[in-house]
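Undergrad: Okay, handing you the structure first.
The values are calculated or read from the model by the stated rules, or taken from the named source; none is laboratory data. Keep in mind that what you see is a predicted model, and the values were worked out from it rather than measured. Methodologically, a virtual Cβ is constructed for each residue, glycine included, from the backbone with ideal geometry; neighbour enumeration extends over all protein chains shown.
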Amino acid sequence: MKVLAVTHGPDVGPELLGDVVREGGHELVEWDIASAGAPTVDADAVIVLGGHQNVGEELEHPWLYEEYDALRRWVAAGTPLLGVCLGAQTLAHAAGARVAPAARRYGGFYETELTDAGAGDPVLGALPRRFAALNANAYGFTVPPEGVPLARGAGLEQAFRVGELRVRLVEAAVLAEPAESLIAAHLGMELHAPRALAAEVDGGIARWHELGCALGEAFLLAAAG
């Protein structure tokens, strides 16, 4: 398969998910929408990744409008789609959900639980029913009117599905970045002492990478099927 990875600047790339795509024998095409505009590549599956930007910052980042339009086109075409972090925000917004600042900022691992629908989902169901999810975000989203909640944690919706079992959104960050750059890019350094937070992330990152690989492999399997 040809998998398109939509990025939002040089600081956040496909990382772990890109490794999963390549190791599965698939072609990975990276597209920085912030500099290149709307993707013009035809792909069998799309992964929309993270960034420091947020829904509602269109005046600063006008390319967000192009991303919303592209997402709606992919959803309408039935293209298998996975949104992570900022990609989850933009997909949620494009699908009609509310995206807004959360009541607090999140940085570190938080207990997350799959819903019954999530446990039976061909992608999210690859994860344990309960697990610690790495969050580095200050925004949250609601589930769109036609969406199905798949996971919740830290008082936030963490994942949901829209469309015919082919579009999924994941709020938690499935990235292989160093803890310091992850938190600095998404939250600033005011949430916890940077060293303590880095130690927390470093202590749990190996298991988180295992879960990220399982999620990526399940997505590619579902997309191919």
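Undergrad: Looking only at the stretch 20-34, filter to residues that are without any contact (Cβ under 8 Å) to a residue 40 or more places away in the chain and touching a Gly at 6+ places or on another chain (Cβ under 8 Å); which one of those is farthest from Thr90 (Cα to Cα)?
TA: Per the stated criteria, the residue is Leu28.
Undergrad: Looking at this structure, is Glu58 without any contact (Cβ under 8 Å) to a residue 12 or more places away in the chain and at negative phi? Even if it seems obvious, please write down each step before you answer.
TA: Details: without any contact (Cβ under 8 Å) to a residue 12 or more places away in the chain: yes; at negative phi: yes.
Against the criterion (without any contact (Cβ under 8 Å) to a residue 12 or more places away in the chain and at negative phi), Glu58 qualifies.
Undergrad: With the checklist (1) closer than 22 Å to Val48 by Cα; (2) at pLDDT below 90 in hand, flag the one item Ala103 doesn't pass.
TA: Tallying (1) closer than 22 Å to Val48 by Cα; (2) at pLDDT below 90, Ala103 fails exactly one: (1).
Undergrad: When you check Val174 against the structure, is it part of a loop (DSSP other than H, G, I, E, B), at pLDDT below 70, within 16 Å of the chain's Cα centre (by Cα) and β-branched (Val, Ile, Thr), yes or no? If you could, list the steps in order and put the result at the bottom.
TA: Details: part of a loop (DSSP other than H, G, I, E, B): yes; at pLDDT below 70: yes; within 16 Å of the chain's Cα centre (by Cα): yes; β-branched (Val, Ile, Thr): yes.
Taking the combined requirement at face value, the residue satisfies it.
Undergrad: Give the residue that is surrounded by the most Cβ atoms within 10 Å (Cβ to Cβ), with candidates limited to residues of the stretch 5-31 that are in contact with a helix residue (DSSP H, G or I) (Cβ under 9 Å, 6 or more places away or on another chain) and assigned to a strand (DSSP E or B).
TA: Val6
Undergrad: If you don't mind, another one. Inside the stretch 96-141, can you point out the residues that are within 15 Å of Gly56 (Cα to Cα) and among the β-branched types (Val, Ile, Thr)?
TA: Scanning the stretch 96-141 gives a single hit, Val99.
Undergrad: Then there is this: Given the conditions (1) surrounded by 15 or more Cβ atoms within 10 Å (Cβ to Cβ); (2) in contact with an Asp or Glu (Cβ under 9 Å, 6 or more places away or on another chain), and given that Gly37 satisfies all but one, which numbered condition is not satisfied?
TA: Of (1) surrounded by 15 or more Cβ atoms within 10 Å (Cβ to Cβ); (2) in contact with an Asp or Glu (Cβ under 9 Å, 6 or more places away or on another chain), only one is false for Gly37: (1).
Undergrad: Among residues belonging to the stretch 49-62 that are buried (at least 17 other Cβ atoms within 10 Å of the Cβ) and at pLDDT 95 or above, point out the one that is farthest from Ala222 (Cα to Cα).
TA: Residue satisfying both the conditions and the ranking: His61.
Undergrad: Another question, if that's okay. If a residue must be surrounded by fewer than 22 Cβ atoms within 10 Å (Cβ to Cβ) and closer than 20 Å to Gly9 by Cβ, how many such residues does the stretch 71-102 contain?
TA: Matching residues across the stretch 71-102 total 2.
Undergrad: What are the pairs, 6+ residues apart or on separate chains, where a residue within the stretch 99-113 that is part of a strand (DSSP E or B) has its Cβ under 9 Å from a residue that is of a type in the set (Phe, Trp, Tyr) and at pLDDT 90 or above?
TA: Sorted first by the residue in the stretch 99-113, then by its partner, the pairs are Val99/Phe141; Ala100/Phe141; Glu111/Phe131; Thr112/Phe131; Glu113/Phe131.
Undergrad: Across the stretch 32-54, what is the number of residues that are part of a loop (DSSP other than H, G, I, E, B) and closer than 21 Å to Met1 by Cα? Before you say what the answer is, go through the steps one by one.
TA: Residues of the stretch 32-54 that are part of a loop (DSSP other than H, G, I, E, B), as a first pass: 37-44, 49-54.
Still in the running and closer than 21 Å to Met1 by Cα: 38-44, 49.
Here the count works out to 8.
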